[in-house]
């Protein structure tokens with residue numbers, strides 16, 4: 001079970017992360033899925049179970065077209081109706097990049113459409129706010145938010161997505177577990193404190209990559225255990241040292257202690273390959 005902070009400003013000082021639970025078909029984790037306006041590169045046998053198990057599903061603006069095109073391209077999916085559990089529960093955004101005919105199609109299917117015209121926030125930020133609002137309306141809590149977004153393409157978009165992670169605690173109260181999911185990586189924010197990250201065996205046996213990257217202006221003081229090149233009260237900062245292209249020492253978990261917010265990113269290529277062939 002993920003240790004999460006639930007409202008009232010409480011923040012855990014020792015948090016457990018089990019990111020591979022997303023791919024576990026037997027998980028009882030309650031989570032939301034967000035599809036941003038990025039290519040969806042996972043195979044259907046990986047992507048569809050994740051979508052169907054979700055407590056809440058949302059497409060964001062042009063991500064709505066992406067999702068419809070994705071499920072329409074699957075050979076054995078011909079009936080895109082509520083009974084197939086493949087349509088989003090929510091569509092959010094300023095709606096300037098979603099096709100009008102796609103929006104009309106989903107509206108006729110009863111999908112809840114929320115226009116968020118505020119140009120001072122990114123669509124990702126507004127999506128997290130709407131997840132929070134929807135949880136309150138449903139009187140439910142979720143354990144995690146998984147946002148599907150690739151890490152290539154426009155650099156300004158990538159930085160905007162990282163910025164949203166940094167301010168996520170101002171946008172959503174139901175969970176502090178927000179993970180960006182790309183076809184080759186998982187990326188999330190580590191807040192001040194100690195974090196234990198469970199590493200799938202297939203990743204530490206394949207020397208998969210991992211990075212700890214500071215984006216705040218202040219220096220990060222970071223210590224780790226379980227990495228190939230560990231940090232010992234090391235100062236991380238742009239213009240100084242950052243920990244990229246690191247790997248694991250063969251341990252099933254990594255422990256990170258940080259005094260400020262820092263980004264954790266880990267490669268999952270070997271894990272995804274194992275899922276594709278299972």
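Derivation of every value follows stated rules applied to the coordinates shown; laboratory data play no part. All values reported here derive from a predicted model rather than from experimental measurement. Glycine also receives a Cβ, built like all others from the backbone with ideal geometry; neighbour counts cover every protein chain displayed.
In terms of other Cβ atoms within 10 Å, 65, 249 run from fewest to most in the order 249, 65. Label zone of residue 24 (point 7 Å out along Cα→Cβ, amide N under 18 Å): in region 217-232 this covers no residue at all. Taking the centroid of alpha carbons for each part, region 81-160 and region 210-278 are 29 Å apart. Under 16 Å from a label point set 7 Å out along the Cα-to-Cβ vector of residue 151, the amide N atoms of region 37-77 belong to 39, 41-42.
If each DSSP helix of 4+ residues adds -39,500 (n - 2.57) and the sum is divided by the residues in the chain, what number results at 222 nm, nearest 500 deg cm²/dmol? Helix-only estimate at 222 nm: -7500 deg cm²/dmol.
How large is the Rg to Rh ratio of region 26-183 when both quantities use alpha carbon positions and Rh follows Kirkwood?
On the way: Rg = 14.7 Å, Rh = 15.8 Å.
We get a ratio of 0.93 for region 26-183.
Annotation for residue 259 and residue 213: the two label points, set 7 Å from Cα along the Cα-Cβ direction, are 2.4 nm apart.
Subtract the Cα-Cα distance of residue 69 and residue 205 from 0.36 nm times their separation in residues, and report this length gain in nm to one decimal. List each step's numbers first, then the result.
Values: separation 136, 0.36 × 136 = 48.96 nm, distance 3.58 nm.
Length gained between residue 69 and residue 205: 45.4 nm.
Measuring r between the beta carbons of residue 249 and residue 167 and using R0 = 25 Å, the FRET efficiency lands at 0.15. In terms of its C-alpha gyration tensor, region 122-201 comes out oblate, because a/c is 1.5 or above while a/b does not outweigh b/c. Taken along the Cα-to-beta-carbon direction at a fixed 7 Å, the label points for residue 137 and residue 96 span 2.4 nm.
For region 140-155, the residues whose amide N sits under 11 Å from a probe point set 7 Å from the Cα of residue 184 along the beta carbon direction are 151-153.
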